[in-house]
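Have a look at the structure below before the remarks.
The values are calculated or read from the model by the stated rules, or taken from the named source; none is laboratory data. Predicted model only: the values in this text are computed from it and were never measured. Backbone-built Cβ (ideal geometry, glycine too); neighbour counts: all protein chains shown. Side chains are part of the model used for accessible areas, which takes the heavy atoms of the whole protein and leaves out ligands, DNA and RNA. Shrake-Rupley method; radii C 1.70, N 1.55, O 1.52, S 1.80 Å.
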Amino acid sequence: MKVIPVAGISGSGKTSFILALIPLLSRYGPVGTVKHIGHHAMELPEGKDTTVMFDAGARAVSGIDKEKTMVTLRSTSVADALDILAMQGVAFAVVEGFKGSSWPKIVIGDFEAEECVLRNPGPEDVIRALDRFPDYITWWLSFAMLAG
């Protein structure tokens, strides 16, 4: 799975850029995203069974409705989020935020970042530069390849 980090300050246009990038990447394989939520917390609805199970100490809780499955982990690890995407067959993981990471990244706006691969690119520029972004291989895929 190719990891494509996108960094920039709040309000710089990261999400708008990613929304334009997703359909282009989707032509080449399934796309997933990981979003750093730094300024507010994701809410678990009070009193709902999934929240009660999480509050009781479950490491992971999933809820399924007629349209989707939502998974809540007792983890803040990007690797755990990437593992979930990889297990779903995602070919491209677009990671928004985490601007302090050491990954080669796309920078939106004037934010100064180390490991900047592209600055303020168009989505087509990313497609042409996919080889400049790291591949992520999960522990279970590495094990399967060794056992295989």
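Of all residues in the range 62-110 being at pLDDT 90 or above and in a strand (DSSP E or B), which is surrounded by the most Cβ atoms within 10 Å (Cβ to Cβ)?
Result: Ile106.
Select, from Val90, Val117, the only residue that is in contact with a Gly (Cβ under 8 Å, 6 or more places away or on another chain) and aliphatic (A, V, I, L, M).
Residue meeting the stated conditions: Val90.
Please find, within the range 17-35, the residue that is nearest to the chain's Cα centre (by Cα) out of those that are open to solvent by 80 Å² or more (accessible area, probe 1.4 Å) and of a type outside the set (Lys, Arg).
Per the criteria, the residue is Leu19.
Answer yes or no: is there a residue in the range 84-106 that is touching a His at 6+ places or on another chain (Cβ under 9 Å) and of a type in the set (A, V, I, L, M).
Scanning the range 84-106 turns up at least one residue that is touching a His at 6+ places or on another chain (Cβ under 9 Å) and of a type in the set (A, V, I, L, M).
Please go through (1) open to solvent by 20 Å² or more (accessible area, probe 1.4 Å); (2) in contact with a helix residue (DSSP H, G or I) (Cβ under 6 Å, 6 or more places away or on another chain); (3) modelled with pLDDT of 90 or more for Lys14 and return the number of the only condition it doesn't satisfy.
Lys14 satisfies every listed condition except (2).
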